[in-house]
1. So what is the relative contact order of the chain, in percent, for Cα pairs below 8 Å that sit 6 or more residues apart?
2. Please report, as a whole percent, how much of the solvent-accessible surface of the range 123-231 comes from carbon and sulfur atoms (probe radius 1.4 Å).
3. Which of the trypsin sites (Lys or Arg not before Pro) across the range 119-155 are loop residues per DSSP, with 15 or fewer other Cβ within 10 Å?
4. Computed over the Cα atoms, what is the radius of gyration of the chain divided by 2.2 N^0.38 Å, N being its residue count?
5. Give me the one-decimal Kirkwood hydrodynamic radius in Å for the range 85-167, with the sum taken over alpha-carbon pairs.
6. Can you figure out the FRET efficiency of Glu285 with Asp343, using R₀ = 45 Å and their beta-carbon distance, to the nearest 0.05?
7. Cα-Cα pairs above 15 Å in the range 28-131: how many percent?
8. With +1 on the Cβ of every Lys and Arg and -1 on the Cβ of every Asp and Glu, and nothing else charged, how large is the dipole of the range 123-231 about its Cα centre, in debye rounded to the nearest 20?
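The values are calculated or read from the model by the stated rules, or taken from the named source; none is laboratory data. The shown structure was predicted, so the numbers you read here are calculated from the model rather than taken from an experiment. With ideal geometry, Cβ positions are generated from the backbone for all residues, glycine too; neighbour counts draw on all protein chains shown. Just the protein is used for accessible areas: all its heavy atoms, side chains included, with ligands, DNA and RNA removed. Shrake-Rupley method; radii C 1.70, N 1.55, O 1.52, S 1.80 Å.
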Amino acid sequence: MQLALSAEDAEFRDEMREFFTTKIPQEIRDAVRDRRELTREQLVESMQVMNAHGLAVPNWPTEWGGRDWSPLRRHIWHEEMQRAYVPVPLAFNASMIGPVIAQFGSQEMKEKFLPPTANLDIWWSQGFSEPDAGSDLAALKCRAVRDGDEYVVNGQKTWTTLGQYGDWIFNLVRTDPEAKKQAGISMLLIDMTSPGVEVRPIELIDGGHEVNEVWFTDVRVPVENLVGEENRAWDYAKFLLGNERVGVAPVGATKRVLAQAKEWAGPMLEEDPLLAARIVELENELLALELTALRVVAHSADGKPHPASSVLKLKGTELQQAVTELVVDVAGPASLASGAGDDSDLPWWTRRSTPVYLNFRKASIYGGSNEVQRQIIARTILGL
Ligand SMILES: Cc1cc2nc3c(=O)[nH]c(=O)nc-3n(C[C@H](O)[C@H](O)[C@H](O)COP(=O)(O)OP(=O)(O)OC[C@H]3O[C@@H](n4cnc5c(N)ncnc54)[C@H](O)[C@@H]3O)c2cc1C
């Protein structure tokens, strides 16, 4: 297989490399490198710099800021961004609701929401999961009842990532309780400052606050905030989740951490052949994943995600978790010192290794759990 880039694509890669390593502020890139939590302001600044250069939403239609790049170029853009420790554009905006509005929204909705979504002037949250509707998402109960020119929304969402920063939330709501479960669901865009919206934090095992519960009590939403048609949102949700799954297989970021792990291991690589073999195996698997990712992008026609996005989600998150575990093992006993402060003699990466390991247990759950991805693969790819 030919892996070398053409002269034009190599030039494109150099342009991307130059941009990401010179235009995104160094302190933001340092925070990503050191696996520190980024502030809202840092994430907004980074995406706005990209958007100002036409590099935030290349996957969107060109009239809304997309770039008509080949799949290979989109891959290079994504890889170079991760290689330079640049935070990827906020997924809720760039790869979830943006493409859904561009594909299914009215012209007014596109004009109102797409420019501020690309520029992260609006921070979107994803209101899909509920306490009894995760893997079985179609069991969702959050209810929207039409009342004149408005819907009145009551119910609860959960696991809402970074909902504490959210300006707007794209919510799946039940509009027809009599219909077969998938057939009675609609998507509403809800201003999170509306009366009756309440965001409550959930504290995670690593001590961080990354997810929330969001409660809706008699929240009034104008009917023009309905995406597409009433009761048709299951199709829009499937479209969105397919994109999400491709996005949650961050090959470049995992490669970067693996390269760091090799540096941190230092002489252990020669002293411990089992460790060296484990790293080589992970490198090979990452290369195979990268080639699969390219294949999936190349075969995604009409903006519809390829069913193999489930393979990417499954394998990508398995490798991501394997690498976080490797870093804990390389850190050894120092990995237990996660409570030590910056004045500790232990290197920062050893102190961060356990919280990061714990945090990434989430990866095989969100975006549709890995067990559920196996079922999708069995049904849609293997035809079982
Ligand atoms: C850190 C984090 C961030 C998240 N962010 C968001 C967000 O921003 N917005 C949002 O809407 N949601 C979000 N989610 C929710 C996520 O999509 C759900 O957690 C996920 O879909 C699983 O649902 P559940 O947690 O209800 O688990 P359940 O569906 O109750 O599953 C429990 C276990 O049973 C297994 N299981 C369930 N059904 C099957 C089956 N049919 N076959 C085999 N095994 C099965 C699952 O794999 C899992 O191991 C987030 C989750 C996490 C952990």
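1. Reported relative contact order: 13 percent.
2. 48
3. Listed in order of number, the matching sites are Lys141.
4. Dividing the Cα Rg of the chain by 2.2 N^0.38 Å gives 1.01.
5. The answer is 14.5 Å.
6. E between Glu285 and Asp343, to the nearest 0.05, is 0.75.
7. For the range 28-131, the fraction of Cα-Cα distances above 15 Å is 64 percent.
8. Dipole of the range 123-231, to the nearest 20 debye: 240 debye.
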